[in-house]
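Everything on this sheet refers to the single structure shown next.
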Amino acid sequence: MALLSCWCKRFPTPHRTAVGFRHLAGTHDNRHPCQPDGQRSDRSSRSPPLQEDDAGNAFQEAILASVVRSSLDCVIVTDEAGLVVEFNAAAEATFGYSRAEAVGRQISELIVPPHLRKAHANGLAAYLAGGAPRLLGRRTEQTAMRANGTEFPVELTITEARSGKRRFFTASLRDLSQRHAADAALRASEARLAAFMKHAPVGMYLKDTDGRYLVANPEMGKVFGRPAESAIGLSAADIFGPQEAAMIAENDRRVLESGQAIAIEEFLSNAVDYAWSLVVRFPVLWADQQQARIGGFDIDITEQKRAAERLQQSERRFRDLTHHHPVPVVFIDSRTRHLITANPAFREIMGIGPRDEDRFRQHRWFATREDYRRLKALSRQQPRADGVEAQLRRLDGSVFPVSLSWRHIEMDDRPVIVGSILDLTATKAAEAELARSREALAQSERLNALGSLLAGVSHELNNPLAVVVAQAQLLEEFLAGTAHAQRAGKIRLAAERCARIVKTFLAMARQRQPERRSTDVNDLIRAVLDIAGYGLRTAGIEVQCRLAEGLPPLEVDPDQMHQVFYNLIVNAQHALQEIPAPRRVEIETSLEGNDLQIVIADNGPGVPAEIRNRIFDPFFTTKAQGAGTGIGLAFSLGVVQSHNGRLTLLDRADGAHFRLLLPVEACTSSDSVEGVAAHSVADIGCTALVVDDEREVGETVAELLEAEGFAVRIVEDGAGAKAALMSAVFDVIFCDLRMPNIDGPALFDWACQATPGMAERFVFVTGDTLGGAAARFLERAGRPVVEKPFSRDSIRRALSSLADGPR
């Protein structure tokens, strides 16, 4: 509301009039001192004589002036025109004007903020015109303005007085700035306290002397087993069981009687998070120091208690397990190097009988002094070690290889070395066999690397091989029924074999559908483990399989997928050799939407972040020289991608986790020749354009198309193709992908703009799907592709695709 909103409109400034305080001190009376007929009222006729009346009025005015001057509240008197006629000292101090500066000026210019002055003027005008008063005789909060333009809150009271025909308004104002600041500070303090209570990770509460909860923060809800606010006004007996309530009441009594804080552990049998609590209680005294309350903090120590209990149970189990453990375990005093105790497995492995105790104390464990000195120095330098190999000597003198692991611990207040011994006799024999297997695997990887290299060479063979394959087929058909047909067939078979070899090389290096058949992926994993299982077992690696039942079969090349799984498992085995036991490989299969997911993970050291993006690069390896070629993962990625799948390394901190996703429905067998033959040339048309910069290849494609009934035109570059397409309409365009000047993509993009109908009739002929640019273009174009070396069947499949597609 606007300050003095009931009396604010600017009027022409009248002449100044001095008004005595006696005119403002009387009770509120809307009547004029004179009656309407101009006669004096009875009251004035009964007034005392003039001298006595003047003296009394002067005294009354002096008192009133003193009160106004000494008032701690601001007192401002204005006439009905809004001109200041009185401005006391408190107003001077509050608003920054002297009385001399204020008297005679418009009140709105002095203390009313500019944005409220219009409402101020409208209110005054409305009231003077006979409107109902809105602020007279009431205390309200308003906004005022100091001389420096700053605004501040005030408490305002307005009264009205009359003197003769004049009307005066007295405004009493009190600066509320400090009160508002104090209120804001109080609210902020209460908000901070509420936030502190709300977010405190420990229970906090306040009770009365009868144990009823007065305040409880949300964390106490975990103690109560119900929302904290629902416990307000309740006692422990209303919330907990009888025994627990009695325990709480007794502890509350101790605090009240002692007047001291106590901390005690309490157990609540039905609680989950706060089953065990460290409860700190303390007396809380009000300001009068008469009536006490009980404050408290509940600190959840459930996990610590359970951890301590687990530790005790673990120690008991440790003693039991040590005694019954099949692995030899010894406890040695780290200062004297004397044997403290050993489990039965150690006595068995060392050949110690019941009567051999004294004899064994004099026995030298290690086969050589060098081993003893080395292990003694190493155990002093390293408080923990795993897989340290040495040679031990049994009590009968026989020597055998072992793997030693140890830890420095405190037992019965003395430093102890606890060690385990693993007999490596069988492992060493297995390692020899494993070395032979690794050599065979390395040879296989080298062959795979060679295959990747040959893929590049094979690409250069595609063009001449395409001519040989296609011409051999045509020659065999031409010579059918003659003595030379068999020779032509032999040429065709040999050429097709060469084509398959080339395509196999390419399949190892790029995305390509291999020979596929329906395969149960779980059976395939089991077959891989049959081969890799021995190496895993002898390396101390546990294999955990979680193979989902009822998975749909996949259409994959089982031999290639077998090699992928084998590569990943063997890689995991190599990584786990560098870490102490336990070593673990986990294999899991599941159905994720339309994909079948295979995860092969280990708990080894994982793959460092700095090389994660390089592990699928060909020839990149972290193994020692001679231990790996860096082909395995690159080959595996190529195989998976050729099956329209994905092979990724998951971001995990606990080892290497590889995930394969293979589509269940996307992999389908290649179209059969019979399916191709279902469409005739009449379904497509009878004219064809062949664009290839190698004349022999172009002519061969043309001959195959002519065999299908097409009239064919051959051009050797993109410019000639443009001219041909502008001059004639063709039912199909077989275009090479890579050509000088205007290549296949450029010609296709031009055709999409210049002859849109022709673009849908393109078939691309290429031996270059290795390049990323070529692959991206073919995906964008969405046109059929014939890969070199091609055959009559591949040409037919392309024609069939055109017949099935939109025309």
Within segment 562-581, of all residues that are in contact (Cβ under 8 Å) with a residue 40 or more places away in the chain and of a type in the set (S, T, N, Q), the one surrounded by the fewest Cβ atoms within 10 Å (Cβ to Cβ) is Gln563
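When residues of segment 346-367 are filtered for being assigned to a loop (DSSP other than H, G, I, E, B) and either modelled with pLDDT of 80 or more or acidic (Asp, Glu) (or both), how many remain? Write out each step before concluding.
Kept after step one, since they are assigned to a loop (DSSP other than H, G, I, E, B), are these residues of segment 346-367: 351-356, 362-365, 367.
Next cut, either modelled with pLDDT of 80 or more or acidic (Asp, Glu) (or both) only: 351-356, 364-365, 367.
Summing the residues that are assigned to a loop (DSSP other than H, G, I, E, B) and either modelled with pLDDT of 80 or more or acidic (Asp, Glu) (or both) in segment 346-367 gives 9.
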Being open to solvent by 50 Å² or more (accessible area, probe 1.4 Å), in contact with a Gly (Cβ under 9 Å, 6 or more places away or on another chain) and either assigned to a helix (DSSP H, G or I) or modelled with pLDDT of 90 or more (or both) is true for just one of Arg584, Arg546. Which residue is that? Arg584
Qualifying positions in segment 155-190 - under 48 Å from the mean Cα position of the chain (by Cα) and over 24 Å from Ala93 (Cα atoms): Ala184, Ala185, Leu186, Arg187, Ala188, Ser189, Glu190
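Every residue, every condition in (1) among the β-branched types (Val, Ile, Thr); (2) under 23 Å from Gly540 (Cβ atoms); (3) in contact with a strand residue (DSSP E or B) (Cβ under 6 Å, 6 or more places away or on another chain), yes or no:
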{"site": "Met350", "(1), (2), (3)": "no, yes, no"}
{"site": "Arg369", "(1), (2), (3)": "no, no, no"}
{"site": "Leu392", "(1), (2), (3)": "no, yes, yes"}
{"site": "Arg414", "(1), (2), (3)": "no, no, no"}
{"site": "Leu422", "(1), (2), (3)": "no, yes, yes"}
Of the conditions (1) open to solvent by 60 Å² or more (accessible area, probe 1.4 Å); (2) touching a residue at least 40 places away in the same chain (Cβ under 8 Å), Asp300 satisfies every one except a single condition; which number is it? (1)
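Please verify whether segment 591-601 includes one or more residues that are of a type outside the set (D, E, K, R), at pLDDT below 85 and either open to solvent by 70 Å² or more (accessible area, probe 1.4 Å) or closer than 23 Å to Leu524 by Cα (or both).
no
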Any chance segment 371-378 includes a residue that's crowded, with 18+ Cβ neighbours inside 10 Å, in contact with a helix residue (DSSP H, G or I) (Cβ under 6 Å, 6 or more places away or on another chain) and on the phi < 0 side of the Ramachandran plot? no
Checked Ala292, Ala307 against criteria (of a type in the set (Gly, Ala, Ser) and touching a Leu at 6+ places or on another chain (Cβ under 9 Å)); the one match is Ala292
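Return the residue satisfying two criteria in turn: it lies in segment 349-365 and is among the acidic types (Asp, Glu) and open to solvent by 50 Å² or more (accessible area, probe 1.4 Å), and of such residues it is nearest to Val327 (Cα to Cα).
Of the residues in segment 349-365, the ones among the acidic types (Asp, Glu) are 356-358.
Still in the list and also open to solvent by 50 Å² or more (accessible area, probe 1.4 Å): 357-358.
On the way: Glu357: 20, Asp358: 23 Å.
It comes out as Glu357.
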Considering each of Leu461, Leu465, Leu479 in turn, give the residue that is touching a Cys at 6+ places or on another chain (Cβ under 7 Å) and either modelled with pLDDT of 75 or more or buried (at least 18 other Cβ atoms within 10 Å of the Cβ) (or both). Leu465
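Considering only segment 195-296, give the strands (runs of 3 or more DSSP E) lying wholly within it that have at least 2 residues that are open to solvent by less than 50 Å² (accessible area, probe 1.4 Å) and touching a Gly at 6+ places or on another chain (Cβ under 9 Å). Break it down stepwise before answering.
Working: elements: 203-207, 213-216, 262-267, 276-285.
The qualifying strands (runs of 3 or more DSSP E) are 203-207, 213-216, 276-285.
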How many of the residues making up segment 164-186 are modelled with pLDDT under 90 and buried (at least 17 other Cβ atoms within 10 Å of the Cβ)? 1
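Any residue at all in segment 550-558 that's farther than 19 Å from Gly645 by Cβ, free of Cβ contacts under 8 Å to residues at least 12 places away in the same chain, of a type in the set (Gly, Ala, Ser) and open to solvent by 10 Å² or more (accessible area, probe 1.4 Å)? Step through it out loud before you land on a result.
Filtering segment 550-558 for residues farther than 19 Å from Gly645 by Cβ gives 550.
Adding the requirement that they be free of Cβ contacts under 8 Å to residues at least 12 places away in the same chain leaves 550.
The next check asks that each one be of a type in the set (Gly, Ala, Ser); those that pass are 550.
Cutting the leftovers down to open to solvent by 10 Å² or more (accessible area, probe 1.4 Å) gives us 550.
Yes, because at least one residue in segment 550-558 is farther than 19 Å from Gly645 by Cβ, free of Cβ contacts under 8 Å to residues at least 12 places away in the same chain, of a type in the set (Gly, Ala, Ser) and open to solvent by 10 Å² or more (accessible area, probe 1.4 Å).
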Which ones in segment 582-622 are free of Cβ contacts under 8 Å to residues at least 12 places away in the same chain and small (Gly, Ala, Ser)? Gly593, Ala609
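Give me a count of the residues in segment 87-112 that are open to solvent by 10 Å² or more (accessible area, probe 1.4 Å) and in contact (Cβ under 8 Å) with a residue 60 or more places away in the chain.
Within segment 87-112, the first condition is being open to solvent by 10 Å² or more (accessible area, probe 1.4 Å), and the residues that meet it are 89-90, 92-94, 96-101, 103-106, 108-109.
Adding the requirement that they be in contact (Cβ under 8 Å) with a residue 60 or more places away in the chain leaves 94, 104, 106, 108.
Qualifying residue count for the region: 4.
The values are calculated or read from the model by the stated rules, or taken from the named source; none is laboratory data. Please read all numbers here as calculations on a predicted model, not as lab measurements. Ideal geometry is used to build each Cβ from the backbone, glycine not excepted, and the neighbour counts take in all protein chains shown. The area values use the complete protein model at the heavy-atom level, side chains included, leaving out ligands, DNA and RNA. Shrake-Rupley method; radii C 1.70, N 1.55, O 1.52, S 1.80 Å.
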